[in-house]
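Reviewing the structure listed below.
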Amino acid sequence: MSTPFQAALEAGDLAAIRACPKADLHIHAIMGGCREFVRERLGLDVAPLDGVLGSMDEMHAWVDAQSQGCFRDAAGRAVAFEATFVQARNDGVTRLEVGSDVWEITLHDHSAQSVWSMLTTAHANGGPQIDWIPQMSFSRHCPVRALDYWMAPLLELGRFLTLDLSGDELIQPIEVFAPLYRRAKRAGLRLKAHVGEWGTADDVWRAVEVLELDEVQHGIAAADSPQVMRMLANAGVRLNLCPTSNLKLGRVARLEDHPIRRLYDAGVRVTVNTDDPLMFGATVSQEFLNLFQAGVMSAAELDEIRLEGLR
Ligand SMILES: [Zn+2]
């Protein structure tokens, strides 16, 4: 017998999919918000990306042009965070992992408490019923010494539960981040990093080993290597995937061929997420429906993946 979520997928009923609990474990707040909310609060209308971009540089240029500097200061970023909770709430997301880049502490006079207040206010106003997992993250282009300096007071606060690393995968070798990851691990954080979106299957496994990752953001390149998929499955490392992002950044040519199928079949734990819904135009509910309608996964498999995200 099918569950309400499976029945909603089979009926193509987006409202019913929205009504089912879901997680979003891979989302960036600046392009993660509700379009209407951002328009009301900032007078900024961000239409979803039309077409396909070819690089992270093109993506950053697109974001800069669309955001018109609105998210550069603390006030604008506070709106972006609240908009992210609103977007998640509207889509029926009940578990959301999102948070600040550590450099953002420079916008708050280096006060970790002030960063924390901004985030908790966004949560309280935007979606207090959402089970929020506070994340801190590193931008991969930042010098390690600076990341270390910014991270220290945020770690000391004892509130953040996970660590992520994002940005241009090829700009600095993964090894340089290892000491910072050790420190975060000692503080009890769950460890994640963006890898295998632009890089290779070997890059994915190397990052897992060097940084001792619990989860990987994207990691789709792992599907090119049966050996790496086997190692990920055996180690129980979870991949937080974002299919529409992969299409819009030209990492996957057709949704029908999305690597989620191969990863799932190899026993790798996967979840379905949005990455940047304001930019890519798809909510978690739409991501699930798209995968079902493209014939990539069955309703029962997608339900299992949904529950994996809520675990
Ligand atoms: Zn991402």
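The values are calculated or read from the model by the stated rules, or taken from the named source; none is laboratory data. Just so we're clear, the structure is a prediction, and the values are computed from it rather than from any experiment. Cβ atoms come from the backbone with ideal geometry, glycine included; neighbour counts cover every protein chain shown.
Values computed for the structure shown
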{"quantity": "The stretch 260-274 - residue that is in a loop (DSSP other than H, G, I, E, B) and touching a strand residue (DSSP E or B) at 6+ places or on another chain (Cβ under 8 Å) and, of those, farthest from Trp198 (Cα to Cα)", "calculated": "Val268"}
{"quantity": "Given (1) in contact (Cβ under 8 Å) with a residue 40 or more places away in the chain; (2) loosely packed, with under 14 Cβ neighbours inside 10 Å; (3) within 19 Å of Leu307 (Cα to Cα), index of the condition Pro21 fails", "calculated": "(2)"}
{"quantity": "Residue check for Gln135: closer than 28 Å to Pro21 by Cβ, polar (S, T, N, Q) and within 16 Å of the ligand (Cβ to nearest atom)", "calculated": "yes"}
{"quantity": "Cross-chain or 6+ apart pairs with Cβ under 8 Å, the stretch 172-188 first and surrounded by 15 or more Cβ atoms within 10 Å (Cβ to Cβ) and among the hydrophobic types (A, V, I, L, M, F, W, C), then in a helix (DSSP H, G or I) and at pLDDT below 95", "calculated": "none"}
{"quantity": "Residue check, Ala187 modelled with pLDDT of 95 or more, farther than 27 Å from Gly295 by Cα and either of a type in the set (A, V, I, L, M, F, W, C) or within 15 Å of the ligand (Cβ to nearest atom) (or both)", "calculated": "yes"}
{"quantity": "Residue within the stretch 58-66 that is within 16 Å of the ligand (Cβ to nearest atom) and within 19 Å of Gly126 (Cβ to Cβ) present", "calculated": "no"}
{"quantity": "In the stretch 150-167, the residues that are surrounded by fewer than 20 Cβ atoms within 10 Å (Cβ to Cβ) and either touching a helix residue (DSSP H, G or I) at 6+ places or on another chain (Cβ under 9 Å) or at pLDDT below 95 (or both)", "calculated": "Ala152, Pro153, Glu156, Leu157, Arg159, Gly167"}
{"quantity": "Some residue of the stretch 191-199 being away from the ligand (no atom under 14 Å from the Cβ), over 24 Å from Leu291 (Cα atoms) and under 18 Å from the mean Cα position of the chain (by Cα)", "calculated": "yes"}
{"quantity": "Counted residues, the stretch 213-248 - those being basic (Lys, Arg), away from the ligand (no atom under 14 Å from the Cβ) and within 17 Å of the chain's Cα centre (by Cα)", "calculated": "1"}
{"quantity": "Residue in the stretch 102-115 that is farther than 27 Å from Pro179 by Cα and in contact (Cβ under 8 Å) with a residue 40 or more places away in the chain present", "calculated": "no"}
{"quantity": "Helices (runs of 4 or more DSSP H) lying entirely in the stretch 14-121 (those with 1 or more residues that are modelled with pLDDT of 95 or more and more than 19 Å from the chain's Cα centre (by Cα))", "calculated": "14-18, 35-42, 74-90"}
{"quantity": "Every pair of residues 6+ apart whose Cβ atoms lie under 7 Å, when the first sits in the stretch 1-14 and is closer than 19 Å to Leu307 by Cβ while the second is surrounded by fewer than 15 Cβ atoms within 10 Å (Cβ to Cβ) and modelled with pLDDT under 95", "calculated": "Glu10/Ser2"}
{"quantity": "Given (1) within 16 Å of the ligand (Cβ to nearest atom); (2) buried (at least 16 other Cβ atoms within 10 Å of the Cβ), index of the condition Leu147 fails", "calculated": "(1)"}
{"quantity": "Lone unmet requirement of (1) more than 16 Å from the ligand (Cβ to nearest atom); (2) closer than 21 Å to Glu169 by Cβ for Thr121", "calculated": "(2)"}
{"quantity": "Residue pairs meeting the criteria (Cβ under 8 Å; at least 6 apart or on separate chains; first closer than 18 Å to Tyr181 by Cβ and of a type in the set (Ser, Thr, Tyr), in the stretch 157-169; second part of a loop (DSSP other than H, G, I, E, B) and away from the ligand (no atom under 13 Å from the Cβ))", "calculated": "Thr162/Leu189"}
{"quantity": "Gln286 being touching a residue at least 40 places away in the same chain (Cβ under 8 Å), touching a helix residue (DSSP H, G or I) at 6+ places or on another chain (Cβ under 8 Å) and surrounded by fewer than 24 Cβ atoms within 10 Å (Cβ to Cβ)", "calculated": "yes"}
{"quantity": "Residues of the stretch 297-311 that turn out to be surrounded by fewer than 20 Cβ atoms within 10 Å (Cβ to Cβ) and not in a helix (DSSP H, G or I), as a count", "calculated": "2"}
{"quantity": "Matching residues, the stretch 249-283, being touching a residue at least 60 places away in the same chain (Cβ under 8 Å) and within 12 Å of the ligand (Cβ to nearest atom)", "calculated": "Leu249, Asn273, Thr274, Asp275, Asp276, Pro277, Met279, Phe280"}
